[in-house]
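The values are calculated or read from the model by the stated rules, or taken from the named source; none is laboratory data. The model shown is predicted, which means the values in this text are computed figures rather than measured ones. In this analysis, Cβ positions are derived from the backbone assuming ideal geometry, glycine residues included, and neighbour counts consider all displayed protein chains. Surface areas here come from the heavy atoms of the whole protein model, side chains and all, with no ligands, DNA or RNA. Shrake-Rupley method; radii C 1.70, N 1.55, O 1.52, S 1.80 Å.
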Amino acid sequence: MGRLFGTDGVRGVANADLTAELALGLSVAAAHVLAEAGTFEGHRPVAVVGRDPRASGEFLEAAVVAGLASAGVDVLRVGVLPTPAVAYLTGSLGADLGVMLSASHNPMPDNGIKFFARGGHKLADELEDRIERTYRAHSSGEPWDRPTGAGVGRVKDYDQGFDNYVAHLVGVLPNRLDGLKIVIDGAHGAASRVSPEAFARAGAEVVTIGTEPDGLNINDDCGSTHIAKLRAAVVEHGAALGVAHDGDADRCLAVDHEGNEVDGDQILAVLALGMREAGTLRRNTVVATVMSNLGFKLAMEREGLTFVQTAVGDRYVLEEMKAGGYALGGEQSGHVIALDHATTGDGTLTGLMLAARVAATGRPLAELVRVMERLPQVLVNVPDVDKTRVGTSPELTTAVAEAEKELGATGRVLLRPSGTEPLVRVMVEAADIEQAGAVAGRLADVVKSALG
């Protein structure tokens, strides 16, 4: 059996891969591991539990709550809120752990469990591994001490979570959004109430789409993975910009007033310049992944800012930010982390900060994003190859060197093994889309030949 924890918690088809039994068992194991790690420090532990609106979240929440309470953990149930809200409340309430039930941008049948440590931070790999080992030991019949009587955990709803989180979001903005009309696509997900309320409290005139979750329609032809409806709505309503979230609202993509998509790299570029101007961009550095557009890197260099690259995944961005003491980082997909105000990617906060920059400058978003030129990217997946030899094949090394020489300073090549499938992703960027496509095709042939 493979590792349960992926790069962002445990995910799978609800009631098939991710069962109530698994959710309950992992919650018990998490309580025990964190207790052994000294997290609870001799006091009665408290957990914050939230979920997105998926129908399966209802029974999975019940299983998680039951597991935690049976292990002696008091539970504050915050209901349907974004992942970053659960992280924030875990920290602000002084809770010992947080649990979020969501599969983010995945389709409705999927669901997932993500644990947060004290302070609202993601668990280290080592703790996840210990939770998994403990879960497997319990599943094999290893007994554990079950509290009884007054020792069992108590469960109550924490209805103040919504207002506390929205107040936090609005409170960290440098300026109000008065005079801006903004369209919000909530992906029929966890931010369907939070995001419109936060933008309205900040002074914006709000138009909403994708904000009527019924448990079955999350991410269904809406949100950050299906942005066409938002583009049309922004133009139809004459809005200054649009904001699109995913199911758990830890990411944000945007649309300018002309209906053009603004991706995570462009959002990072706009926010970086604003933070530098405000003196809050620590060490004048932005952290992003190797998948960031080359145009972003060139723009940061032109502006005199340092660009630090990491492996793909917002957890690696966050680790680098913490290690280097940086304030801003993110991914092209729209995971943006403003570490002074959040411990994880926060789509609503990102959208608010972007809108605040538009309001403060009086310049349209379409003009602000011109700070970077997004170079064409061509991505080709090469299946059924030995992805483990990507970094050791002399044939590939030579082919990549020749391709990068051909592309010059405004092009690059990235070969990346898939984390979950037997394939290699070939990404080529160049100022000319036809050149990028031709190079990507040739390299895909070499990958197939060398690793097939």
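Probe 1.4 Å, all protein chains in place: accessible area of residue 224 in Å², nearest 10?
Residue 224 exposes around 20 Å² with every protein chain in place.
Percentage of Cα-Cα pair distances in the range 61-168 greater than 25 Å, rounded to whole percent?
25
Please report the antiparallel percentage of the DSSP beta bridges confined to the chain, to the nearest 5.
Values: 35 of 67 bridges.
About 50 percent, rounded to the nearest 5.
At 20 °C and 1.002 mPa s, grab the translational diffusion coefficient of the chain from Stokes-Einstein with a Kirkwood Rh over Cα pairs, rounded to a whole number in µm² per second.
94
For residue 37 and residue 431, calculate 0.36 nm times their separation in residues minus their Cα-Cα distance, and state this gained length in nm to one decimal.
Full-extension gain reported as 136.7 nm.
In the range 227-373, what is the volume of the convex hull around the alpha carbon atoms, normalised per residue and reported in Å³?
It comes to 97 Å³ per residue, whole-number rounded.
Using Cα positions and a limit of under 18 Å, work out the lysines in reach of residue 114, with same-chain residues fewer than 8 apart set aside.
122
Mean residue ellipticity at 222 nm from the helices of the chain, using -39,500 (n - 2.57) per DSSP H segment of n ≥ 4 over the full residue count, to the nearest 500 deg cm²/dmol? Display every interim value, and only then the final one.
On the way: 14 runs with 173 residues, N = 452.
Value at 222 nm, helices only, nearest 500: -12000 deg cm²/dmol.
If you average 1/r over every pair of different alpha-carbon atoms in the range 246-304 and take one over that average, what Kirkwood value in Å do you get? Don't skip to the end; give the middle numbers.
On the way: mean 1/r = 0.0786 Å⁻¹.
Computed over the range 246-304, the radius equals 12.7 Å.
For the chain, what relative contact order do you get, as a whole percent, if you take Cα pairs closer than 8 Å and at least 6 residues apart? Numbers along the way, then the final one.
On the way: 1001 pairs, mean separation 55.8, N = 452.
Computed over the chain, the figure is 12 percent.
Taking a 1.4 Å probe, which of 263, 159 shows the most accessible area, and what order do the others take after it? Walk me through the numbers on the way to the answer.
Values: 263 10, 159 125 Å².
From most exposed to least exposed: 159, 263.
For an R0 of 35 angstrom, estimate the FRET efficiency from the Cβ-Cβ distance between residue 58 and residue 126 and round to the nearest 0.05.
0.65
Within 10 Å, Cβ to Cβ, of residue 156, how many net charges do the neighbouring residues add up to if Lys/Arg are +1 and Asp/Glu are -1?
-1
Give me Rg/Rg_expected for the range 306-356, where Rg uses Cα atoms only and Rg_expected = 2.2 N^0.38 Å with N residues. Please list the in-between numbers first.
Working: Rg = 10.4 Å, N = 51, 2.2 N^0.38 = 9.8 Å.
Normalised Cα radius of gyration, the range 306-356: 1.06.
Take the Cα atoms of the range 56-107, build their convex hull, and give its volume per residue in Å³.
76
Residue 284: net charge of surrounding residues, Cβ under 14 Å, Lys/Arg +1, Asp/Glu -1, itself excluded?
Taking every other residue near residue 284 into account, the sum is +1.
Please calculate how many Å² of accessible area the chain carries per residue, with a 1.4 Å probe and no DNA, RNA or ligand atoms counted.
Heavy-atom SASA per residue in the chain reads 39 Å².
Once you treat every alpha carbon in the range 1-148 as an equal point and sum by Debye, what is log10 I(q)/I(0) at q = 0.09, 0.12 Å⁻¹?
-0.23, -0.42
Sort 250, 221 from largest to smallest accessible area, using a 1.4 Å probe on the heavy atoms of the protein chains.
Descending order: 221, 250.
Can you pull out the GluC sites (Glu not before Pro) in the range 1-98 that DSSP calls coil and that have at most 11 other Cβ atoms within 10 Å?
41
Divide, for the range 296-452, the radius of gyration over alpha carbons by 2.2 N^0.38 Å, where N is the residue count.
Against the empirical 2.2 N^0.38 Å value, I get 1.21 for the range 296-452.
Just need the relative contact order of the range 74-136 here, percent rounded to a whole number, with Cα pairs under 8 Å and 6+ apart.
Reported relative contact order: 28 percent.
Between the alpha-carbon centers of the range 419-452 and the range 317-341, tell me the distance in whole angstrom.
If we compute the Cα centre of each part, the gap is 29 Å.
Around residue 405, what is the net charge, scoring Lys/Arg as +1 and Asp/Glu as -1 over all other residues with Cβ under 15 Å from its Cβ?
Local net charge: -2.
How far is it, in nm, from the label point at residue 370 to the one at residue 13 when both lie 7 Å from their Cα along the line to the Cβ?
5.0
Using 7 Å Cα-to-Cβ label points, what is the residue 309/residue 421 separation (nm, one decimal)?
Output for this residue pair reads 2.3 nm.
What FRET efficiency do you get for residue 237 and residue 157 if R0 is 35 Å and r is their Cβ-Cβ distance, rounded to the nearest 0.05?
0.45
Ordering 340, 8 from largest to smallest accessible area (1.4 angstrom probe), what's the sequence?
On the way: 340 80, 8 30 Å².
Most to least solvent-accessible, the answer reads 340, 8.
For residue 214 and residue 401, FRET efficiency with R0 = 51 Å and r from the beta-carbon atoms, rounded to 0.05?
On the way: r = 53 Å, r/R0 = 1.04.
The value I calculate is 0.45.
Per residue, what volume in Å³ does the convex hull of the Cα atoms of the range 402-446 enclose?
Hull volume normalised by residue count: 70 Å³.
Do you know the relative contact order of the range 9-101, to the nearest whole percent, from alpha carbon pairs under 8 angstrom that are 6+ apart?
Computed value for the range 9-101: 35 percent relative contact order.
Quote the accessible area belonging to residue 442 in square angstrom, nearest 10, computed with a 1.4 Å probe and with ligands, DNA and RNA left uncounted.
Roughly 120 Å² of residue 442 is accessible to a 1.4 Å probe.
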